[in-house]
Amino acid sequence: MNNPASKPTWAWTWEFQSIEKHLTKADSAGERLHKWVWNNVVPDDILPRRMPAEVLAALNELKESLDEIKYINDKLKEKLVTGPGLKALSGARLTKEEFYILASLDCMDVPSAVDNKSAFECHDLFYYADDVRQGYIDSTKQSPSPPTINKDGSITGTINLRYGVLPEDVQTSYLRPDQETFFKKELPELYSRFKES
C-alpha cells in the first residue's frame, strides 16, 4: 500500500487523468452495449429496424452524461492546473486564487508576509509591466554576461532562459505607488537596481 505522505503535494492533479481514463472506458462500454443491443435485441426481420425507444433514450442519456462529465473535468483541470500554470510561465498577473493553487502545488515560492500584507499581496507587489515586458521581478537574476568572440570566430557564452523580469529592466516610473513604497522600505538593495525614469 502506498504511503500518502510519500506522494508529492501535486499528486491530486493525477486524478484528472484518472477520470479521463475511466470516462474513455465507460464511453467504450456504452458503444459496445449499443452495438450488442442492435445485434441481439433489435429484430432484423422487421424493416426499418429500430432500437426500442426506451433503450435508445437510456443509451443517449448515458452518452450525454458522460460527455458532460468530460466537459466538467476538462474545465476543472484548466481552472485548477493548466490555466494557472500557463499564466505563471507566460508572466501574466495571477489572481489570488491562482496564486494559492500554484503555491499548494509547490510550483512557486511563497513570500513571507510583511508590513501587514498577506503572502499573495507580497507576491503581487513583484508583478511588473511596462510597454515592453511584463512578469514578476526576479531578485535572484543577474544581468547575463555578454558572449565572448574567440579568435577563431566562435562564440562562447551562456544561454540565459528568463522567465522573470530582471531588476535592471524595471523602470521606476512604471511602478505602482504601493510597489515603490514597498521596495524602498522593505527591499532597498533591490530597488537600487531599478532604472530611475
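Structural remarks
- The set of residues from the stretch 1-42 being exposed (fewer than 11 other Cβ atoms within 10 Å of the Cβ), modelled with pLDDT of 90 or more and small (Gly, Ala, Ser) comprises Ser18, Ser28.
- Any hit, the stretch 60-69, residues being touching a residue at least 40 places away in the same chain (Cβ under 8 Å) and closer than 26 Å to His22 by Cβ: yes
- Counting the residues of the stretch 44-93 that are among the basic types (Lys, Arg) and under 11 Å from the mean Cα position of the chain (by Cα) gives 3.
- Residue in the stretch 77-100 that is out of contact with any helix residue (DSSP H, G or I) (no Cβ under 9 Å at 6 or more places or on another chain), in a loop (DSSP other than H, G, I, E, B) and either in the same structural domain as Ser28 (by TED's automatic domain parsing) or surrounded by 17 or more Cβ atoms within 10 Å (Cβ to Cβ) (or both) present: yes
- Selection status of Glu186, at pLDDT below 95 and exposed (fewer than 13 other Cβ atoms within 10 Å of the Cβ): no
- Within the stretch 171-192, the set of residues being over 17 Å from Gln134 (Cα atoms) and charged (D, E, K, R) comprises Asp178, Lys184, Lys185, Glu186, Glu189.
- Residue tally, condition assigned to a loop (DSSP other than H, G, I, E, B), surrounded by fewer than 17 Cβ atoms within 10 Å (Cβ to Cβ) and modelled with pLDDT of 90 or more, over the stretch 103-131: 2
- Residue in the stretch 43-59 that is in the same structural domain as Gly85 (by TED's automatic domain parsing), modelled with pLDDT under 90 and either of a type in the set (Asp, Glu) or in a helix (DSSP H, G or I) (or both) present: yes
The values are calculated or read from the model by the stated rules, or taken from the named source; none is laboratory data. Keep in mind that what you see is a predicted model, and the values were worked out from it rather than measured. Note that each Cβ is placed from the backbone with ideal geometry, even for glycine, and that neighbours are counted across all protein chains shown.
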